[in-house]
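The values are calculated or read from the model by the stated rules, or taken from the named source; none is laboratory data. Please read these numbers as outputs of a predicted model, since none were measured by experiment. Cβ placement follows ideal geometry from the backbone for every residue including glycine, while neighbour counts extend to all protein chains displayed. Side chains included, ligands, DNA and RNA excluded: accessible areas come from the protein's heavy atoms. Shrake-Rupley method; radii C 1.70, N 1.55, O 1.52, S 1.80 Å.
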Amino acid sequence: MPDPASTIRRRVLLGGAAALGVAALTGVATPTGRRELFTLGVASGDPLPDAVVLWTRLAPDPLAPDGLGGMAAAPVPVGWQVAADESFSQVVRSGTTVAQGEQAHSVHVEVAGLRPGSEYFYRFRAGNELSPVGRTKTAPPPGARLDRFAFAFASCQHYADGFYNAYAHLARQDFDLVVFLGDYIYEGGSQGSIGRGHRPARDVRTLADYRVRFAQYKTDTDLQAAHAAFPWVAVFDDHEVENNWAGDHSESGIPPAQFRERRAHAFQAYYEHLPLRAAQRPAGPAMTIHRRLTFGDLVDLHVLDTRQHRSVQVPDAQRDDPGRTMLGAAQKAWLFRNLSGPTARWNVLAQQVFFSQLNPASGAQTRSDDAWDDYEAERDEVRDHLARTRNPVIITGDAHANFVSDVKADFAVPASATVATELIGTSITSEGDGVDHTPGDLAQLRANPHLRFVNRQRGYVANLVAPGEWAATYRVVERVSRPGSPVHDRAGFVVADARPGARFR
Ligand SMILES: [Fe+2]
């Protein structure tokens, strides 16, 4: 079983050797004289039929407290190459971009003119140094017949809570795409107990602090391997900014004007560290992160933003107020237009928080005020649109637990029709090792008969989508408290074409 970190190291060597036969991509000297610029790896994202975004960031000293990664302010030319083969004997696109100090020397290259549904390899060069090699894949053309689409989804990768064993496993699989549903970083200063304490060791609020925090997460070689192996589609949840934020409202009581400033810092650092298009580049405290990606005639991915436009959380008594929104009017209209068609065979809502009703098992508990239960009127409206949509599947993060849920025409009536399927994926690490389930979980299943499964270990969800059925495999890690712990398949489900609801397989 190859170790992904050593794979990357091997690729650096391979890239370096290959470079001897390739004209220098740029002629500049290494700007700081340090040895290693590509400490944060490489990534690709948001694949289109003819294009993909390539990402890297120059950071010889990634945790430098000023957030500049050990770079001087000056711009640095960065060459890039895209090849049809891993040894770069068939380079199909190449160019030079400029890493700017204002963007923390991150680069986002939107490479166009690629062939649809095709695998490519890419790398960067700055000064005399070559980056590790990444692999990516373009999307098949919309409407083109597609018999198989394999993707993983993941969320919640608290660095101090665990080692990224799930990513070490994920990086060795054969996926077309990875979808990340939020909590790429956590903003708190926790130090944990496994020697992976947060840098800086405090709540991050300034741009410099957010940059250091993102860079720290990105130094993890298992995370780097998962990015280098597949294109990602990423969306944020709350912890990329602050726990449970809602629009301009900060849970910690920061006044709205100051909170917008903090959010602008967080969004800037988020953009700088992920393979996002220029269309997602933030403008101060605003960032358009909801978007649609289509994979042949098989999968439409409607990526939702359930943070930036939502109404503030309220107590239970007000949660069915029809004036409250999770998506905001513009995003909701966009989603409903998407769903009205034409669409692919499977329509995926890639989003953050628990969609299905989650009644507490006893009167002592209260509902989450951060999930769709707190936005009941709009949840019902979305659900009613999904009931008229072809093969709707909601994929969800945030819960730090695995669940599978039937989305019911009326959650209060267990016998009502199942109109969609919700697959809730656990965290990569957040909340530590976890357990299979608790007695409270079993009580919650009884209180919510539409829930088909619960598990509280860490891991990711692997999905194999075909015209006739969607197969989801819930993969869990034995432990995250030590590196190298094994991963196994905990449960598998299938959703049949034209039959909403998951069945055990
Ligand atoms: Fe989380």
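Within region 373-398, can you find the residues that are in contact with a Ser or Thr (Cβ under 7 Å, 6 or more places away or on another chain) and within 16 Å of the ligand (Cβ to nearest atom)?
Result: G397, D398.
Just name the residue that is nearest to the ligand (Cβ to nearest atom) out of those in region 164-209 that are of a type in the set (D, E, K, R) and closer than 16 Å to G432 by Cα.
The selected residue is D183.
Considering region 287-330 alone, what residues qualify as being among the hydrophobic types (A, V, I, L, M, F, W, C) and outside any strand (DSSP E or B)?
M287, I289, L298, L304, V312, V314, A317, M326, L327, A329, A330 - these are the residues of region 287-330 that are among the hydrophobic types (A, V, I, L, M, F, W, C) and outside any strand (DSSP E or B).
Scanning region 163-212 for residues that are outside any helix (DSSP H, G or I) and among the basic types (K, R), which turns out surrounded by the fewest Cβ atoms within 10 Å (Cβ to Cβ)? Walk me through how you get there before you give the answer.
Kept after step one, since they are outside any helix (DSSP H, G or I), are these residues of region 163-212: 163-164, 171-206.
Still in the running and among the basic types (K, R): 172, 196, 199, 202, 205.
Values: R172: 16, R196: 19, R199: 21, R202: 11, R205: 16.
Checked region 163-212; the qualifying residue surrounded by the fewest Cβ atoms within 10 Å (Cβ to Cβ) is R202.
Kindly provide the set of residues from region 369-424 that are of a type outside the set (A, V, I, L, M) and in a helix (DSSP H, G or I), ordered by number.
As a first pass, look at region 369-424 and keep what is of a type outside the set (A, V, I, L, M): 369-370, 372-376, 378-381, 383-385, 388-392, 396-398, 400, 402-403, 405-406, 408, 410-411, 414, 416, 418, 421-422.
Scanning region 369-424 gives W372, D373, D374, Y375, E376, E378, R379, D380, E381, R383, D384, H385.
Checking I428 against (1) over 28 Å from A387 (Cβ atoms); (2) of a type in the set (A, V, I, L, M, F, W, C); (3) open to solvent by 10 Å² or more (accessible area, probe 1.4 Å), only one condition comes out false. Which one?
The single condition I428 does not satisfy is (3).
Got at least one residue in region 249-257 being touching a residue at least 60 places away in the same chain (Cβ under 8 Å), polar (S, T, N, Q) and either touching a Phe, Trp or Tyr at 6+ places or on another chain (Cβ under 9 Å) or open to solvent by 10 Å² or more (accessible area, probe 1.4 Å) (or both)?
No: zero hits.
Any residue that is small (G, A, S), farther than 23 Å from R291 by Cβ and within 16 Å of the ligand (Cβ to nearest atom) - is there at least one of those in region 352-360?
Start the filter on region 352-360 by keeping residues that are small (G, A, S), which leaves 356.
Retained after the next criterion (residues that are farther than 23 Å from R291 by Cβ): 356.
If we keep only those that are within 16 Å of the ligand (Cβ to nearest atom) as well, we get none.
Checking region 352-360: not a single residue is small (G, A, S), farther than 23 Å from R291 by Cβ and within 16 Å of the ligand (Cβ to nearest atom).
So, in region 470-501, of the ones that are of a type in the set (D, E) and either buried (at least 16 other Cβ atoms within 10 Å of the Cβ) or not in a strand (DSSP E or B) (or both), which residue ends up farthest from the chain's Cα centre (by Cα)?
Taking region 470-501 first, the residues of a type in the set (D, E) are 478, 489, 497.
Adding the requirement that they be either buried (at least 16 other Cβ atoms within 10 Å of the Cβ) or not in a strand (DSSP E or B) (or both) leaves 478, 497.
Working: E478: 22, D497: 26 Å.
Applying the filter and picking the extreme gives D497.
Across region 299-349, what is the number of residues that are aliphatic (A, V, I, L, M) and in contact with a helix residue (DSSP H, G or I) (Cβ under 6 Å, 6 or more places away or on another chain)?
Matching residues across region 299-349 total 2.
I'd like the full set of residues that are in contact with a helix residue (DSSP H, G or I) (Cβ under 7 Å, 6 or more places away or on another chain) and within 11 Å of the ligand (Cβ to nearest atom), limited to region 237-254.
E240
Considering every residue within region 435-454, establish whether at least one is touching a residue at least 12 places away in the same chain (Cβ under 8 Å), under 26 Å from I194 (Cβ atoms), more than 16 Å from the ligand (Cβ to nearest atom) and surrounded by 21 or more Cβ atoms within 10 Å (Cβ to Cβ).
yes
Just checking: which of the strands (runs of 3 or more DSSP E) contained wholly in region 41-109 hold 1 or more residues that are closer than 18 Å to A229 by Cβ?
So the answer is 42-45, 52-57, 76-83.
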